[in-house]
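The values are calculated or read from the model by the stated rules, or taken from the named source; none is laboratory data. All values derive from a computational prediction rather than experimental measurement. FYI the Cβ positions are ideal-geometry reconstructions off the backbone, even for glycines, and counts take in every protein chain you see. Remember, those area values only see protein heavy atoms, side chains included, never the ligands or the DNA or RNA. Shrake-Rupley method; radii C 1.70, N 1.55, O 1.52, S 1.80 Å.
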Amino acid sequence: DALCGVILAAGRGTRLRPLTNFLPKALCPINNVALLDLALASVKPFATGVAVNVHHRSQDIIGHLAESDVHVSDESDRLLGSAGALGRLAPWIDGRPVLLRNADAYLSEGLEGLVAGWGGDTIRLLGRKREGPSDFGDVQYVGACLLPATLVATLSAVPSGLYDLVWRPAWERGELELVLAEGQFADCGTPHEYLRANLIASGGASVVGAGAVVRGRIERCVVWPGASVSPGETLHDCVRVGSDLTVDCR
């Protein structure tokens, strides 16, 4: 069956504050491209259609997607979690297998390695090895997976998470398929990782958004669109929003 894509963009962005006081996490820019747009670009080559769930600052994301063909699942009334989000989307999914992607996961490479050769009957997660205990043995989940249609059809529109409901039990049964990601990964849930994702995407250079004015000195920084750095200011390892909000990302 043809894959459909679902991007999870409903998180509250609590750990990324104060940046998420201005934008939902999914719209925070990485090298001047919104995280959500990067996720959409990675999923669309493999999917017959894409849906996005929204909750925190939902109208911002709905407005961002207004001119697109993306289906929006509005969870403003009730945050459902990763499994519940798929349950609510059941009529739209319509019996298809799902390519699931976290909007806040920055991946420097595409999803070809995850999708290649998948038969449609296994739970396949994209991960990376890291030292010490992780999500699944020594493998950390990096925000993209494939879910069989038969599994997706069992999920309900109640608050629930895939890790506890599906992935951990499958891992314990030896039925979880793990594919190691190529390239680099950043979980953009914290200012430190958000800055790191920008520097990976830019090749290490500071990122200056459209309409921003930099008259001072910046090093390893992100200057959001329309922001300014005044003469005499020197910024290191931080994000500048507007004319005076500086978020230390060290």
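One table, with the values for the structure above:
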read-out: Matching option when the condition is part of a loop (DSSP other than H, G, I, E, B) and without any contact (Cβ under 8 Å) to a residue 60 or more places away in the chain, among 211, 143; value: 211
read-out: Single residue of region 102-161 satisfying the filter (more than 15 Å from the chain's Cα centre (by Cα) and acidic (Asp, Glu)) that is modelled with the lowest pLDDT; value: 131
read-out: Region 106-125: number of residues that are open to solvent by 10 Å² or more (accessible area, probe 1.4 Å) and under 27 Å from residue 202 (Cα atoms); value: 8
read-out: Flag for residue 243 being part of a loop (DSSP other than H, G, I, E, B), in contact (Cβ under 8 Å) with a residue 40 or more places away in the chain, of a type outside the set (Val, Ile, Thr) and open to solvent by 20 Å² or more (accessible area, probe 1.4 Å); value: no
read-out: 2 or more residues touching a strand residue (DSSP E or B) at 6+ places or on another chain (Cβ under 7 Å) and closer than 19 Å to residue 143 by Cα: qualifying strands (runs of 3 or more DSSP E) within region 1-109; value: 4-9, 50-54, 98-102, 105-107
read-out: Criterion (surrounded by fewer than 19 Cβ atoms within 10 Å (Cβ to Cβ) and among the β-branched types (Val, Ile, Thr)) met by exactly one of 72, 98; value: 72
read-out: Among the candidates 87, 120, residue that is touching a Ser or Thr at 6+ places or on another chain (Cβ under 7 Å), touching a residue at least 60 places away in the same chain (Cβ under 8 Å) and not hydroxyl-bearing (Ser, Thr, Tyr); value: 87
read-out: Selection status of residue 138, within 26 Å of residue 24 (Cα to Cα) and of a type in the set (Asp, Glu); value: no
read-out: Out of 187, 244, sole residue that is acidic (Asp, Glu) and under 28 Å from residue 79 (Cα atoms); value: 187
read-out: First in region 172-194 and within 15 Å of residue 139 (Cβ to Cβ), second anywhere and part of a loop (DSSP other than H, G, I, E, B) and open to solvent by 50 Å² or more (accessible area, probe 1.4 Å), Cβ under 6 Å, 6 or more apart; value: 182/109
read-out: Residue satisfying all of: in region 204-240; within 18 Å of residue 193 (Cα to Cα) and among the acidic types (Asp, Glu); most open to solvent (accessible area, probe 1.4 Å) among these; value: 219
read-out: In region 126-140, the residues that are open to solvent by 50 Å² or more (accessible area, probe 1.4 Å) and part of a loop (DSSP other than H, G, I, E, B); value: 130, 131, 133, 138
read-out: Among (1) surrounded by 22 or more Cβ atoms within 10 Å (Cβ to Cβ); (2) within 16 Å of residue 20 (Cβ to Cβ); (3) more than 16 Å from the chain's Cα centre (by Cα); (4) of a type in the set (A, V, I, L, M, F, W, C), the one test that residue 80 misses; value: (2)
read-out: Conditions (1) of a type in the set (D, E, K, R); (2) more than 21 Å from residue 44 (Cα to Cα); (3) open to solvent by 50 Å² or more (accessible area, probe 1.4 Å); number of the one not met by residue 193; value: (3)
read-out: Verdict on residue 61 being farther than 17 Å from residue 147 by Cβ, touching a residue at least 24 places away in the same chain (Cβ under 8 Å) and open to solvent by less than 50 Å² (accessible area, probe 1.4 Å); value: yes
read-out: Hey, residue 177 open to solvent by 30 Å² or more (accessible area, probe 1.4 Å), part of a strand (DSSP E or B) and at negative phi or not; value: yes
